[in-house]
Amino acid sequence: MYIIQIASECAPVIKAGGLGDVVYGLSRELETKGHCVEIILPKYDCMRYDHIWGLHDAYLNLSVPWYGAAVHCSVYCGWVHGRLCFFIEPHCEDNFFNRGCYYGCNDDTMRFAFFSKAALEFLQQSNKRPDVIHCHDWQTGLIPVMLYEIYKYHGMGNQRVCYTIHNFKHQGVAGVEILWATGLNREEYYFQYDRLRDNFNPFALNFMKGGINYSNAITTVSPHHAWEVHCGDLGAGLGHTLHLQQDKFSGVLNGIDLDFWNPESDRYIPYHYTKEDVSGKLQNKKALRERLLLQHNDKPLIAYIGRLDQQKGVHLVHHAIYYALHKGAQFVLLGSATEPGINSWFWHEKNFLNNNPDCHLELGFNEELSHLIYAGADMIIVPSNYEPCGLTQMIGLKYGTVPIVRGVGGLVNTVFDRDYDQNKPPEERNGYVFYQSDFQALESTMDRALGLWFDYHDEFQKLIKQSMEYDYSWNHPSDRYIEIYDFIRHK
């Protein structure tokens with residue numbers, strides 16, 4: 001199959017979050033299975049040009065209709081760690097992608113509406129006719145709308161769209177000007193509830209809703225999160241829309257890049273190890289303690305790696321630090337806060353705990369250190385309020401770092417409680433799960449994990465090896481996406 005991914009990110013050249021990792025990881029896995037994959041991206045001024053090989057002119061005279069006139073664009077081509085990527089650069093006073101940032105501008109909806117229009121014009125004018133166009137998040141929600149309302153009448157009637165939603169919180173809500181800019185025009189037509197009209201603001205258009213209504217297949221990033229947004233309250237107002245389109249909606253678990261996250265070959269850790277021989281993990285624990293000036297003793301080490309914000313259950317992260325120390329464990333935190341109040345709170349804790357030989361808080365992000373923490377910690381805590389997929393627990397399992405997670409989103413699909421999971425036999429369970437968001441639920445689960453480490457150490461070692469048996473690479477998710485692509489192109 002010929003597949004084109006259209007997205008606002010692709011790691012490592014453009015990465016603000018997990019979206020970039022998905023676009024790169026899925027594309028690479030699809031290529032290893034014999035499919036032709038190309039990626040279309042905006043040409044940001046602040047992207048990592050050092051990760052692009054052979055950047056050159058690919059299509060210099062792309063004329064994109066815009067507000068009844070046209071914007072001249074250049075399209076550049078280069079390889080990002082083996083993936084063929086096209087970068088669209090508009091030449092206009094708006095400077096859509098020369099802002100020194102990827103997101104956060106007042107006109108983000110207009111910026112990405114233009115990118116979506118330009119991507120489709122590039123496909124049409126360069127005569128690219130993929131079997132499937134795979135779009136991601138609100139930034140590309142207008143692509144299936146324009147494809148089926150405009151471009152199918154201009155030689156693109158056979159293209160099918162798979163639309164993946166990574167984050168329902170951001171939906172791309174805009175006014176009527178988007179219609180006139182993109183050439184969709186007809187206000188009364190698109191302001192219908194079964195097209196683009198926002199479910200709560202009758203004077204607004206919703207990019208993500210348009211993507212849901214017009215795509216041939218819709219996915220989100222884990223089966224359980226698909227249920228949460230369809231039947232629960234995590235769809236941010238789009239639950240009813242998903243219900244109406246439920247026949248084409250499913251959850252496909254994300255994967256992790258095993259070239260980057262693998263204790264057998266990780267270039268950031270001093271001692272490599274395998275599930276057959278995990279002795280290197282203890283050596284990495286010693287190296288981690290030396291680096292962070294923690295005391296060497298016979299104690300378990302619990303870690304937290306990730307953002308410090310409400311989504312990640314920051315109140316439980318804070319409680320876990322002190323409860324771990326109270327129960328005779330060590331704690332290491334690596335993460336940065338997204339809000340000033342949380343940032344001040346954790347800097348206060350860092351200063352208070354600075355001389356504690358059993359605790360280290362690293363406020364910020366350090367890629368190299370994150371690998372060493374995964375390799376050296378005994379357990380990793382993921383107490384999220386909501387977590388569409390979650391990569392932290394998957395990486396923890398790969399490194400034999402037993403996850404303690406809250407039972408939401410993709411965490412439910414990847415971690416199976418050692419003591420209570422009824423859907424897995426004991427030899428296939430790999431961590432600990434709690435469901436409430438209060439301190440008692442967290443403490444009870446930490447008690448079970450720490451109790452196993454202290455009192456039944458051989459059983460804990462067995463749990464480490466069971467956790468490392470799981471394959472959360474892109475191998476299985478890519479097979480599922482291939483099934484979806486096949487289904488919609490023959491539909």
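The values are calculated or read from the model by the stated rules, or taken from the named source; none is laboratory data. Computed from a predicted model, the values in this text were never measured in an experiment. Every residue, glycine among them, receives a Cβ derived from its backbone with ideal geometry; neighbour counts consider all protein chains shown.
Overview of results
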quantity	calculated
From the options ASP455, ASP438, residue that is without any contact (Cβ under 8 Å) to a residue 24 or more places away in the chain and within 20 Å of LEU308 (Cβ to Cβ)	ASP438
Test: residue in the range 400-419 that is out of contact with any strand residue (DSSP E or B) (no Cβ under 8 Å at 6 or more places or on another chain), within 20 Å of VAL229 (Cβ to Cβ) and assigned to a loop (DSSP other than H, G, I, E, B)	yes
Hits in the range 246-271 - residues which are surrounded by fewer than 17 Cβ atoms within 10 Å (Cβ to Cβ) and closer than 30 Å to SER215 by Cα	GLN246, ASP247, SER250
Those residues of the range 318-337 which are of a type in the set (Gly, Ala, Ser) and free of Cβ contacts under 8 Å to residues at least 60 places away in the same chain, in sequence order	GLY335, SER336, ALA337
All helices (runs of 4 or more DSSP H) inside the range 134-237 with 3 or more residues being among the hydrophobic types (A, V, I, L, M, F, W, C)	142-149, 177-182, 207-214, 223-231
Top-ranked residue in the range 330-354 [being at pLDDT below 95 and of a type in the set (Gly, Ala, Ser); ranked as nearest to ARG291 (Cα to Cα)]	GLY335
Filtered residues of the range 50-60 (kept if touching a residue at least 12 places away in the same chain (Cβ under 8 Å) and more than 22 Å from the chain's Cα centre (by Cα))	TRP53, GLY54, LEU55, HIS56, ASP57, ALA58, TYR59, LEU60
Flag if ALA329 is of a type in the set (Gly, Ala, Ser), crowded, with 20+ Cβ neighbours inside 10 Å and over 26 Å from the mean Cα position of the chain (by Cα)	yes
Unmet criterion (only one of (1) of a type outside the set (S, T, N, Q); (2) surrounded by fewer than 14 Cβ atoms within 10 Å (Cβ to Cβ); (3) under 20 Å from TYR2 (Cβ atoms)) for CYS85	(2)
Only listed residue being assigned by TED's automatic domain parsing to the domain that holds HIS91, under 16 Å from LYS128 (Cβ atoms) and surrounded by 15 or more Cβ atoms within 10 Å (Cβ to Cβ), chosen from VAL80, VAL71, VAL64	VAL64
Hey, ILE165 out of contact with any strand residue (DSSP E or B) (no Cβ under 7 Å at 6 or more places or on another chain) and at pLDDT 95 or above or not	no
Flag if GLU177 is among the acidic types (Asp, Glu), assigned by TED's automatic domain parsing to the domain that holds VAL23 and free of Cβ contacts under 8 Å to residues at least 60 places away in the same chain	no
Single condition GLN311 does not satisfy, out of (1) buried (at least 21 other Cβ atoms within 10 Å of the Cβ); (2) in contact with a Ser or Thr (Cβ under 8 Å, 6 or more places away or on another chain); (3) not charged (D, E, K, R)	(1)
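Residues checked against (1) acidic (Asp, Glu); (2) within 23 Å of GLY237 (Cβ to Cβ); (3) over 23 Å from the mean Cα position of the chain (by Cα):
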site	(1), (2), (3)
PHE114	no, no, yes
PRO130	no, no, yes
ASP137	yes, yes, no
LYS152	no, no, yes
GLY157	no, no, yes
ILE178	no, yes, yes
